[in-house]
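S.K.: I am attaching a structure below and will ask some questions about it afterwards.
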Amino acid sequence: APAECPFCGEAAGRELEEHVRARHGHLLGAPGTGNGEQLYECPMCSLTCTNIQILEEHVDLHLEEHNFSEGGDMKDLELAQQLQTEEDERQRSEEEKREREEFEKLQRQYGLDNSGGFKQQFLKNMEREVDRGRMQPFEYHKRKADMMESLASGIDDGRTKTSGVIEALCKYYQSENKDVRRVWLSAGVDHFHSSLGDRGWGCGYRNFQMLLSSLLQNSFYNDCLRDTTLIPSIPKIQSMIEDAWREGFDPQGASHFNNRLHGSKAWIGACEIYSLLTSLRIKCQIIDFHKPTGPMGTHPRLFEWILHYYSADNEGGAKVVCTSKPPIYLQHQGHSRTVVGIEEKKNKSLCLLLFDPGCSSQQMQKLLKQNSDGTGLRLLRKFVGSLKEKQYQIVAVDGVLSLEEKAARCRASQVLTSEKIP
């Protein structure tokens, strides 16, 4: 509150000293004590002084103390506001830094950090192998030349491919009679595993190669794939997905990748596989198993759906059914695999057979010489209790599209949604 004059009570504020001197200076003196000595009483604290100069200095101290107190309050308020502002700015800066670091981490994780793509990673990893003595210089130069030729042609070099596994499985199940009641297998599927150029991010592309290897062996899809008669390399697949985006497929997904995959290490998922297949006029659908449907976080509905996919047109009594069904693309957070078949046990339980891009050629080659006890199948078998991710998506192929149907699906993909299994 404004300071009041001790003589008249008038609000004087910061000009209290001037007000007292100008209006009430004559009152600073007081009557004597009776022995002839003049006394002066302080109007602020009633202290009695015998000298007018002493009284004035005393009153000045009161006034200075008041001014200091009033000014100090203002300075304290300003300091508190300044400190709060600085703290707010510090917290905002730290939050922006955390968000930026998290975004950069996600970009690196999903290959969107402009750190190069298949070619750069392939050369870098080969150089590391040479430095560690695990690759001879002549092999480095030969593989580099092969890789450059593969990139120029757009055709996969086949170094990571293993063929004949489905045929070996069919032969094994014909004689196996312990606990498998029936088994359904996709038509010939080649296995492709990750290489030095795509290790850590290429699973989606490798699974597409597996799916395509089966489609290329099925004459039903010849017309769709007349321009794709050989397995494309990963950079070529990236360009094919970009072509699908340019046609108008999945603009929302394209914007996530800034409309660019080629030359990056970007992970792809079910939506990109769907867009690519549909652009090739291959009829397919995305099914979303968005939550567990069994105890302990399991997905029995996923297994039931896949059983129906394989068995719907193959209800015969044969124990081993080598169907014409293409394999199924199976996606979950951080990884994808290819479903190539399903077992039904004698106790009615189900077991998926999966090709994993993370398995090497050496591991897959062992399946070509399957032991009678089936121990090698542990690499492929996944029971209900083995798949406990929170969510799964599959892309299942089911025929060929006309040009009109392709155009309609392109329009629909602009608000692309998957079918959810309740």
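S.K.: With respect to Gly358, is the statement that it is surrounded by fewer than 23 Cβ atoms within 10 Å (Cβ to Cβ) and farther than 25 Å from Cys203 by Cα true?
M.R.: Considered against the rule, which asks whether it is surrounded by fewer than 23 Cβ atoms within 10 Å (Cβ to Cβ) and farther than 25 Å from Cys203 by Cα, Gly358 comes out as no.
S.K.: Evaluate region 181-189: report whether one residue or more is in contact with a Cys (Cβ under 7 Å, 6 or more places away or on another chain) and either more than 27 Å from Ala312 (Cα to Cα) or crowded, with 22+ Cβ neighbours inside 10 Å (or both).
M.R.: Within region 181-189, one or more residues are in contact with a Cys (Cβ under 7 Å, 6 or more places away or on another chain) and either more than 27 Å from Ala312 (Cα to Cα) or crowded, with 22+ Cβ neighbours inside 10 Å (or both).
S.K.: Which of (1) open to solvent by 30 Å² or more (accessible area, probe 1.4 Å); (2) under 29 Å from Trp305 (Cα atoms) is the odd one out, the single condition Ile155 does not satisfy?
M.R.: The single condition Ile155 does not satisfy is (2).
S.K.: Separate question: Which residues, taken from region 404-416, are open to solvent by 40 Å² or more (accessible area, probe 1.4 Å) and either touching a His at 6+ places or on another chain (Cβ under 9 Å) or within 22 Å of Leu211 (Cα to Cα) (or both)?
M.R.: If the condition is that a residue be open to solvent by 40 Å² or more (accessible area, probe 1.4 Å) and either touching a His at 6+ places or on another chain (Cβ under 9 Å) or within 22 Å of Leu211 (Cα to Cα) (or both), then Glu405, Arg409, Leu416 are the ones that fit.
S.K.: Among the residues that make up region 266-285, is at least one of them modelled with pLDDT under 95, farther than 29 Å from Arg159 by Cα and either open to solvent by less than 60 Å² (accessible area, probe 1.4 Å) or among the charged types (D, E, K, R) (or both)?
M.R.: The answer is no; no qualifying residue exists.
S.K.: Shifting gears a bit: Based on what the data block shows, is Gly200 in a helix (DSSP H, G or I) and within 19 Å of the chain's Cα centre (by Cα)? Write out each step before concluding.
M.R.: Details: in a helix (DSSP H, G or I): no; within 19 Å of the chain's Cα centre (by Cα): yes.
Spelling it out, it is not the case that Gly200 is in a helix (DSSP H, G or I) and within 19 Å of the chain's Cα centre (by Cα).
S.K.: Determine which member of the set Leu211, Leu123, Leu169, Leu215 is surrounded by 15 or more Cβ atoms within 10 Å (Cβ to Cβ), in contact with a strand residue (DSSP E or B) (Cβ under 8 Å, 6 or more places away or on another chain), in a helix (DSSP H, G or I) and modelled with pLDDT under 95.
M.R.: Within the list Leu211, Leu123, Leu169, Leu215, the selection yields Leu169.
S.K.: Within region 396-412, how many residues are over 19 Å from Leu185 (Cβ atoms) and either small (Gly, Ala, Ser) or touching a Phe, Trp or Tyr at 6+ places or on another chain (Cβ under 7 Å) (or both)?
M.R.: 7
S.K.: Tell me whether region 241-249 contains one or more residues that are charged (D, E, K, R), open to solvent by 60 Å² or more (accessible area, probe 1.4 Å) and more than 24 Å from Asp157 (Cβ to Cβ).
M.R.: Yes, region 241-249 contains a residue that is charged (D, E, K, R), open to solvent by 60 Å² or more (accessible area, probe 1.4 Å) and more than 24 Å from Asp157 (Cβ to Cβ).
S.K.: Mind listing whichever residues of region 344-355 are modelled with pLDDT under 95 and crowded, with 23+ Cβ neighbours inside 10 Å?
M.R.: Once the filter is applied, which keeps residues that are modelled with pLDDT under 95 and crowded, with 23+ Cβ neighbours inside 10 Å, region 344-355 yields nothing.
S.K.: Next question. If a residue must be part of a helix (DSSP H, G or I), modelled with pLDDT of 75 or more and open to solvent by 60 Å² or more (accessible area, probe 1.4 Å), how many such residues does region 39-68 contain?
M.R.: Of the residues in that region, 5 qualify.
S.K.: Mind telling me which of the residues Ser195, Ser186, Ser213 ends up being more than 31 Å from the chain's Cα centre (by Cα) and either of a type in the set (S, T, N, Q) or under 30 Å from Lys236 (Cβ atoms) (or both)?
M.R.: It is Ser186.
S.K.: Looking at region 372-388 only, could you name the residues that are modelled with pLDDT of 90 or more and among the hydroxyl-bearing types (Ser, Thr, Tyr)?
M.R.: Correct list: Ser386 only.
S.K.: Let me ask something additional. Is one or more of the residues making up region 288-296 buried (at least 17 other Cβ atoms within 10 Å of the Cβ), farther than 20 Å from Leu401 by Cβ, in contact with a strand residue (DSSP E or B) (Cβ under 9 Å, 6 or more places away or on another chain) and modelled with pLDDT of 95 or more?
M.R.: Yes, region 288-296 has at least one match.
S.K.: Now, a different point. Tell me, yes or no, whether region 321-328 has at least one residue that is farther than 22 Å from Ile286 by Cα and of a type outside the set (Val, Ile, Thr).
M.R.: Residues of region 321-328 that are farther than 22 Å from Ile286 by Cα, as a first pass: 321-322.
Adding the requirement that they be of a type outside the set (Val, Ile, Thr) leaves 322.
Yes, some residue in region 321-328 is farther than 22 Å from Ile286 by Cα and of a type outside the set (Val, Ile, Thr).
S.K.: Could you please let me know if Gln238 is open to solvent by 10 Å² or more (accessible area, probe 1.4 Å) and either under 25 Å from Arg409 (Cβ atoms) or in contact with a strand residue (DSSP E or B) (Cβ under 6 Å, 6 or more places away or on another chain) (or both)?
M.R.: no
The values are calculated or read from the model by the stated rules, or taken from the named source; none is laboratory data. Nothing here was measured: the structure is a model prediction, and the numbers come from that model. Note that we place each Cβ from the backbone using ideal geometry, even for glycine, and neighbour counts take in every protein chain shown. In case anyone asks, the SASA skips ligands and DNA or RNA and just uses the protein heavy atoms, side chains included. Shrake-Rupley method; radii C 1.70, N 1.55, O 1.52, S 1.80 Å.
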